[in-house]
Amino acid sequence: MAKKFKLFKDGKTKSVDTKEEAEKCITNGWTLVEDAQSFQVGFSRSGIVKLASANLEPWQAFNEFIANAIDSWIDSPKKPRPRLRIEIDINQESNLSKSTIHLTDNALGMNQEGLENATKEFLGSTKAQGKNKNLYLGMFGFGLLGSSFLLGKSLTVITTKDNKTHSKFSLNEVEYLNGKDADIISYKADTQDKKIFKNSGTRIIISDFKDKLSPAVLSDYLKLSWKYFLAKNHLGNAVDIEFSFNKNKVDIIETPMGSHANRPVYEESKIPINIEFEWKDPSTKEVGKSVVKGIVGISGEGGQSGTSGGFNLYRRGQLIETYNREFYAWGAMTARMHGDLFIDLPVSMQKNGYNKGSEAWKACVKALTDSIIYDVGKISGKFTKAMFDEKTDKDIADKDKYFAEYRQEFRLPLTDKQKRILRKPEGDPEPPGGDPEPPGGDPEPPGGDPEPPEQEIKFKIKSIFEFKFDGINQSVEFVFGQNYKDKDPWFPMPDWDSGKLLIGVNKLSSIHDDIEKAYKNINTGTNKLLIKTIALDCIKQILKHEDYEIDIIARFSGKYIEI
């Protein structure tokens with residue numbers, strides 16, 4: 001039996017008998033396909049408009065796309081998993097109808113059946129039955145359609161598992177309201193199609209924007225939302241998220257705790273959290289158990305704004321809530337307390353909060369309220385603005401004493417300097433230049449000579465690339481273009497005593513070219529922040545290697561990041 005050629009155009013299909021007839025149809029806008037379907041998605045035609053009014057912010061919609069890409073990556077049969085790369089390219093015109101989003105990943109992709117499952121049913125998900133159901137992020141999500149139509153009026157999804165056969169979904173809001181169904185087609189990828197993917201993956205295209213997008217807000221929340229995936233994580237390699245807005249690239253890099261609120265948390269204040277709790281399900285009477293893990297600490301500034309203190313809540317590494325204050329009494333005395341908590345409980349449909357009517361959530365809140373968080377909040381109120389400003393030697397001494405007592409209170413490791421501070425009698429500050437010789441000469445104390453007074457370590461920062469530390473002038477230089485096997489994307493190559501600090505950027509790293517471009521254009525966009533962050537990371541590694549104490553490293557870091 002002769003092979004028929006199946007073609008698709010504008011929701012219609014037809015078959016022709018000869019290759020010549022098929023080629024003629026293709027020149028008239030038809031697409032040669034292996035299969036084609038038209039259907040109504042899993043809610044009423046008017047329901048698609050209501051998606052735009054859902055209680056969801058644009059950054060949360062982007063998070064849904066990223067969560068789905070990570071879920072596909074989780075299912076990778078290769079061990080270790082290959083590095084996941086997610087590219088977000090936004091072109092926003094003054095005429096929003098001409099604006100587009102392209103979001104592309106290199107995860108496993110979908111076949112036609114998988115694409116149908118992702119698009120036919122609003123909020124539909126088969127992940128609850130998946131072998132990795134305890135790892136998936138998107139299982140409770142708002143869905144591909146819900147997130148897409150919050151942002152724009154037209155959606156196209158192209159996906160493949162082998163870069164041989166591609167499947168494509170198309171849905172336009174206006175046409176759908178006027179009676180045209182959604183379409184899915186499958187077709188053999190030609191040379192141009194294959195350029196979209198290397199092996200497998202998914203591309204989401206959203207056009208005809210409903211509202212303007214803010215690149216600053218999106219990039220800030222992407223950094224905060226995925227900070228625990230931007231580094232090596234429990235699933236494997238760091239995830240690369242590349243973000244471009246009107247051809248201006250914004251680096252999505254891991255940010256320190258508190259930085260999103262411009263209130264960095266002091267390293268020496270960080271305390272690990274590990275709190276177990278349990279509850280009884282009212283319907284099944286079964287007892288559920290879970291554990292909250294994370295870190296709590298304090299920043300130097302308080303205040304009364306929405307970002308003055310609070311906890312960022314993560315579920316399986318994805319941000320769910322920002323600046324939550326349900327676990328303590330928030331106020332002037334606790335506005336310096338920040339933390340990241342990992343709570344694996346069910347969340348709302350939009351993933352903008354937990355199911356707070358559940359017995360599990362109530363038990364979680366009670367356990368955290370009665371935990372070390374209360375004690376940290378109480379002692380955080382004793383930190384003063386003068387300690388933060390460090391305008392006088394007394395301010396610095398008070399701050400050192402505060403953190404010595406803080407770490408002793410919570411049984412954290414102490415530096416030698418902190419041990420000496422805690423041994424010194426109350427009200428007996430160390431005089432400049434060391435203790436004076438006692439008149440007439442006191443007898444030598446038991447145990448040998450007393451420790452000599454500690455010399456204050458001073459530093460002066462001229463620029464990102466020049467500073468003086470402990471009497472030695474240092475210069476920072478970046479080295480590009482070299483292959484370093486088994487090395488991180490960047491690493492220090494110091495000769496501390498010579499005053500030259502080289503930072504090697506690994507050519508084998510996928511971000512080598514991006515860092516080099518930022519270095520050469522340091523005064524453009526956020527490039528300076530990226531180079532400064534990398535340089536500071538390497539400087540801190542060297543200072544730790546040179547056995548400088550954590551308090552001087554933290555003080556240097558705070559001043560360096562401000563330049």
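The values are calculated or read from the model by the stated rules, or taken from the named source; none is laboratory data. These numbers come from a predicted model, not from an experiment. Cβ placement follows ideal geometry from the backbone for every residue including glycine, while neighbour counts extend to all protein chains displayed.
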Among the residues of region 220-255, the number that are among the polar types (S, T, N, Q) and without any contact (Cβ under 8 Å) to a residue 60 or more places away in the chain is 1
Which numbered condition in (1) surrounded by fewer than 17 Cβ atoms within 10 Å (Cβ to Cβ); (2) in contact with a helix residue (DSSP H, G or I) (Cβ under 9 Å, 6 or more places away or on another chain); (3) in a helix (DSSP H, G or I); (4) at pLDDT 85 or above is the only one that K544 fails? (4)
Of residues in region 167-188 being of a type in the set (S, T, Y) and part of a strand (DSSP E or B), the one nearest to R203 (Cα to Cα): S167
For G317, indicate whether it is farther than 19 Å from N233 by Cβ, among the small types (G, A, S) and under 21 Å from the mean Cα position of the chain (by Cα). no
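Quick check on region 221-228. Is at least one of its residues within 23 Å of A107 (Cα to Cα), basic (K, R) and assigned by TED's automatic domain parsing to the domain that holds N111? Steps first, answer last, please.
First, pick out the residues of region 221-228 that are within 23 Å of A107 (Cα to Cα): 221-228.
Keeping just the survivors that are basic (K, R) gives 223, 227.
Next cut, assigned by TED's automatic domain parsing to the domain that holds N111 only: 223, 227.
Yes, region 221-228 contains a residue that is within 23 Å of A107 (Cα to Cα), basic (K, R) and assigned by TED's automatic domain parsing to the domain that holds N111.
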So, in region 75-106, exactly how many residues are under 20 Å from G317 (Cβ atoms), modelled with pLDDT of 95 or more and part of a loop (DSSP other than H, G, I, E, B)? 2
Would you confirm whether or not region 239-248 contains a residue that is outside the structural domain of V296 (by TED's automatic domain parsing), in a loop (DSSP other than H, G, I, E, B), buried (at least 18 other Cβ atoms within 10 Å of the Cβ) and touching a Gly at 6+ places or on another chain (Cβ under 6 Å)? no
Kindly list, by first and then second residue, each pair from a residue in region 348-364 that is farther than 19 Å from G317 by Cβ to a residue that is among the acidic types (D, E) and modelled with pLDDT under 90, limited to pairs with Cβ atoms under 7 Å and residues at least 6 apart or on different chains. E359/D281
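In region 69-83, how many are more than 11 Å from D105 (Cα to Cα) and either charged (D, E, K, R) or outside the structural domain of S147 (by TED's automatic domain parsing) (or both)? First the steps, then the outcome.
If we filter region 69-83 for residues that are more than 11 Å from D105 (Cα to Cα), which is where we start, we get 71, 74-82.
Applying the additional criterion that residues be either charged (D, E, K, R) or outside the structural domain of S147 (by TED's automatic domain parsing) (or both) yields 71, 75, 78-79, 81.
The total comes to 5.
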Among the residues in region 297-313, are any touching a strand residue (DSSP E or B) at 6+ places or on another chain (Cβ under 6 Å), farther than 16 Å from R263 by Cα, crowded, with 22+ Cβ neighbours inside 10 Å and outside the structural domain of A404 (by TED's automatic domain parsing)? yes
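Of all residues in region 329-339, count the ones that are buried (at least 22 other Cβ atoms within 10 Å of the Cβ) and either under 23 Å from F65 (Cα atoms) or of a type outside the set (V, I, T) (or both).
The first filter runs over region 329-339 and keeps only residues buried (at least 22 other Cβ atoms within 10 Å of the Cβ), leaving 334-339.
Subsequent filtering for residues that are either under 23 Å from F65 (Cα atoms) or of a type outside the set (V, I, T) (or both) retains 335-339.
Final tally of qualifying residues: 5.
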Sole miss for K212 among (1) over 15 Å from the mean Cα position of the chain (by Cα); (2) buried (at least 20 other Cβ atoms within 10 Å of the Cβ) is condition (2)
Across region 380-401, which residue is farthest from F327 (Cα to Cα) among those that are in contact with a helix residue (DSSP H, G or I) (Cβ under 6 Å, 6 or more places away or on another chain) and without any contact (Cβ under 8 Å) to a residue 60 or more places away in the chain? D395
Out of all the residues in region 208-231, which are of a type outside the set (S, T, Y) and under 18 Å from L341 (Cα atoms)? L222, K223, L224, W226, K227, F229, L230, A231
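Kindly establish whether I552 is β-branched (V, I, T), crowded, with 16+ Cβ neighbours inside 10 Å and under 23 Å from the mean Cα position of the chain (by Cα).
Values: β-branched (V, I, T): yes; crowded, with 16+ Cβ neighbours inside 10 Å: yes; under 23 Å from the mean Cα position of the chain (by Cα): no.
In short, no.
Answer yes or no as to whether K458 is at pLDDT 50 or above and surrounded by 10 or more Cβ atoms within 10 Å (Cβ to Cβ). Before the answer, list the steps.
On the way: at pLDDT 50 or above: yes; surrounded by 10 or more Cβ atoms within 10 Å (Cβ to Cβ): yes.
Here the answer is yes, as K458 does meet what is asked.
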Within region 516-531, which residues are under 25 Å from the mean Cα position of the chain (by Cα), modelled with pLDDT of 85 or more, surrounded by fewer than 19 Cβ atoms within 10 Å (Cβ to Cβ) and assigned to a helix (DSSP H, G or I)? E516, K517, Y519, K528
